[in-house]
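**Student:** Okay, handing you the structure first.
The values are calculated or read from the model by the stated rules, or taken from the named source; none is laboratory data. Here the structure is a predicted model, which means the values were calculated and not measured. Ideal geometry is used to build each Cβ from the backbone, glycine not excepted, and the neighbour counts take in all protein chains shown.
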Amino acid sequence: MNRSKIAGIGYYVPERVVTNNDLIKVMDTTDEWIQERTGIRERRYGKKHEETTTTMAAAASRIACERAGIQPEEIDFIVFATLSPDYYFPGCGVLLQRELGITKQEVGAVDIRNQCSGFVYALSIADQFIKTGMYKNVLVVGSEMHSMGLDFSTRGRNVTVIFGDGAGAVILQPSEDANRGILTTKLHSNGTYAEKLSFINPGAHGGYHKKHMEEEVDFGYPPPDTYGEIFITPKMIADGNYYPIMEGQFVFKMAVHKFPEVIHEALQEQGLQASDIDMLIPHQANLRISQFVQKTLRLRDDQVWNNIQKYGNTTAASVPIALCEAWEAGKVKDGDLVCLAAFGSGFTWASALIRW
Ligand code: UT7
């Protein structure tokens, strides 16, 4: 079996910086609250009518291709992770193919809907294709345009202040060195708490969520004998029920438990210890979560990369953006043991160990 390596990596964040003080103008929040509870100082928002999840992904992908020394035409397969796709369908994978100008090749493209752990899942899927020898150049992308779908009223403040836009991409190739590349990936999920961090409408749930939510929430779903106007109804719009929702403290508690667990699982399988990690790239959910994980694993500051302060939580994009930044800063070097880890909606969580 081949081992896969990251042959090229790139990221893109929109130019527009939105500070905590900018958010104060539209909702009841404070810079102190946001910084103290999340570590976030600012985030980026894409240019409306110009930038989308796909165009940002394309920008990151072009950089990744260039650094891998390949042309986009040489990509064999696309794996695209996002929770904020341009369209409900088709997925961003095919839109990215078009954006990169490589439709002639008609290579396969798949979308991954695993939210915060989406990139690590996508990497693992791509890894299997490289390992079996099926493909030589797999483009793996995480990209999010959250700013288009957030509740900017005070009602949505616990979610809205956290999220930002951006994209990260890697080219995965077979490694010539059997000791270098992706050592392992670990993937997990538990749907018991699916609604704790969710985006229910628009959807074909037919009121299904009610069985699984403690609180009686009227999402404006029409009665059973109604046809049409099911995904999005006038009532959903009138009530503003088309935004992400989160039980923050519940998610937080699960996250601080599952991050170390899935990292240890990968380390243990490889006969390694937390102290062997040269760089941990945690999904940027909340600086307090990353600090908790760091403390649990007894890692030094220089062994963990955090950039949530600048970009907020960019969901599927956060791991590749942070990995790329760390690499560009010279903090990820040949031979280093790099650990990627993520937890989020689903719940889904995952880790990857890479010998760089
Ligand atoms: O990336 C996917 C995974 N996501 C996560 O891992 C996120 C996990 N959760 C969190 O990071 C935190 O729970 C949050 C940052 C979302 C919230 O922080 P918290 O310390 O858990 O706050 P809370 O939700 O318990 O709310 C505490 C108070 C509430 O007011 P009362 O009821 O105590 O009066 C909220 O209404 O803070 C209030 N609040 C805010 N106040 C000012 C919530 N959001 C805001 C806000 N500004 N933006």
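**Student:** Any residue at all in the stretch 171-180 that's of a type in the set (Lys, Arg), in the same structural domain as Arg16 (by TED's automatic domain parsing) and at negative phi?
**Tutor:** Within the stretch 171-180 (the criterion being of a type in the set (Lys, Arg), in the same structural domain as Arg16 (by TED's automatic domain parsing) and at negative phi), the answer is no, since none of the residues qualifies.
**Student:** Mind checking which helices (runs of 4 or more DSSP H) fall wholly inside the stretch 284-345 and carry at least 2 residues that are more than 22 Å from Ala266 (Cα to Cα), touching a residue at least 60 places away in the same chain (Cβ under 8 Å) and within 11 Å of the ligand (Cβ to nearest atom)?
**Tutor:** Correct list: 287-296.
**Student:** Does Thr348 satisfy being at pLDDT 95 or above, within 16 Å of the ligand (Cβ to nearest atom) and more than 18 Å from the chain's Cα centre (by Cα)?
**Tutor:** No.
**Student:** Here is a further query. In the stretch 66-106, how many are closer than 21 Å to Tyr243 by Cα and touching a strand residue (DSSP E or B) at 6+ places or on another chain (Cβ under 8 Å)?
**Tutor:** Going through the stretch 66-106 one residue at a time, the tally reaches 7.
**Student:** Among the residues of the stretch 115-126, is any over 24 Å from Gln284 (Cβ atoms), assigned by TED's automatic domain parsing to the domain that holds Arg43, touching a residue at least 12 places away in the same chain (Cβ under 8 Å) and in contact with a Phe, Trp or Tyr (Cβ under 9 Å, 6 or more places away or on another chain)?
**Tutor:** No, the conditions are met nowhere in the stretch 115-126.
**Student:** Something else about it: Quick one: which strands (runs of 3 or more DSSP E) sit completely within the stretch 2-112 and have at least 1 residues that are surrounded by 21 or more Cβ atoms within 10 Å (Cβ to Cβ)?
**Tutor:** Here the list reads 4-12, 42-45, 77-81, 108-112.
**Student:** Report yes if some residue within the stretch 165-183 is buried (at least 17 other Cβ atoms within 10 Å of the Cβ), assigned to a loop (DSSP other than H, G, I, E, B), at pLDDT 70 or above and within 19 Å of the chain's Cα centre (by Cα); otherwise report no.
**Tutor:** Scanning the stretch 165-183 turns up at least one residue that is buried (at least 17 other Cβ atoms within 10 Å of the Cβ), assigned to a loop (DSSP other than H, G, I, E, B), at pLDDT 70 or above and within 19 Å of the chain's Cα centre (by Cα).
**Student:** Given the criteria of a type in the set (Ser, Thr, Tyr), within 16 Å of the ligand (Cβ to nearest atom) and touching a residue at least 12 places away in the same chain (Cβ under 8 Å), does Thr38 qualify?
**Tutor:** yes
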